[in-house]
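First comes the structure, then the notes that go with it.
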Amino acid sequence: MIYRHSTNVAQVRTESANRVALLHLDANQPVVLEGTAAAIWELIDGQRTVQEILAELEARFDDESGQMVSQVADFLEHLQKQHLIEPASAAGQ
């Protein structure tokens, strides 16, 4: 699966890119992502597959718990439910 940022999301990130604030234009509350969550957001580009995102994360972060795959899947599902990301094919890609 390939995801992209929803076109209805405004984002502001810090200079260091360790923190990003997201607001879906139909939502009342922003979502703030930090650390690994912000790194995942940056990797969602409409071109990388979930497997490619996982490979990049595994290169950057230790997965001592062995739960990275399931945690990333859950996080992507959460972002999709909040309409912050969508399948890239939904945008005609």
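The values are calculated or read from the model by the stated rules, or taken from the named source; none is laboratory data. All values reported here derive from a predicted model rather than from experimental measurement. Here Cβ is always computed from backbone atoms with ideal geometry, including for glycine, and neighbour counts include all displayed protein chains. For the accessible areas, the whole protein counts, side chains as well, though only heavy atoms, and no ligand, DNA or RNA atoms are used. Shrake-Rupley method; radii C 1.70, N 1.55, O 1.52, S 1.80 Å.
Looking across region 40-60, the residues that are closer than 19 Å to Thr7 by Cβ and either of a type outside the set (Val, Ile, Thr) or touching a residue at least 60 places away in the same chain (Cβ under 8 Å) (or both) come down to Trp41, Glu42, Leu43, Asp45, Gly46, Gln47, Arg48. Only residues that are surrounded by 13 or more Cβ atoms within 10 Å (Cβ to Cβ) and either of a type outside the set (A, V, I, L, M, F, W, C) or farther than 18 Å from Lys81 by Cβ (or both) were counted in region 3-17, giving 7.
Of the strands (runs of 3 or more DSSP E) lying entirely inside region 1-50, those containing at least 2 residues that are of a type outside the set (Lys, Arg) and closer than 17 Å to Asp74 by Cα span 3-5, 31-34.
Cβ-Cβ contacts under 8 Å between residues 6 or more apart (or on different chains), taken from a first residue in region 61-82 that is part of a loop (DSSP other than H, G, I, E, B) to a second residue that is open to solvent by less than 50 Å² (accessible area, probe 1.4 Å), are listed as Phe61/Ala39; Phe61/Met68; Gln82/His24; Gln82/Ala27; Gln82/Val31.
This table checks each residue for (1) modelled with pLDDT of 95 or more; (2) surrounded by fewer than 12 Cβ atoms within 10 Å (Cβ to Cβ); (3) under 16 Å from Gln80 (Cα atoms).
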residue: Arg19; (1), (2), (3): no, no, no
residue: Ala27; (1), (2), (3): no, no, yes
residue: Val31; (1), (2), (3): yes, no, yes
residue: Thr36; (1), (2), (3): no, no, no
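Can you confirm whether region 65-81 contains a residue that is touching a strand residue (DSSP E or B) at 6+ places or on another chain (Cβ under 9 Å) and either among the acidic types (Asp, Glu) or open to solvent by 50 Å² or more (accessible area, probe 1.4 Å) (or both)? The answer is yes; a qualifying residue exists.
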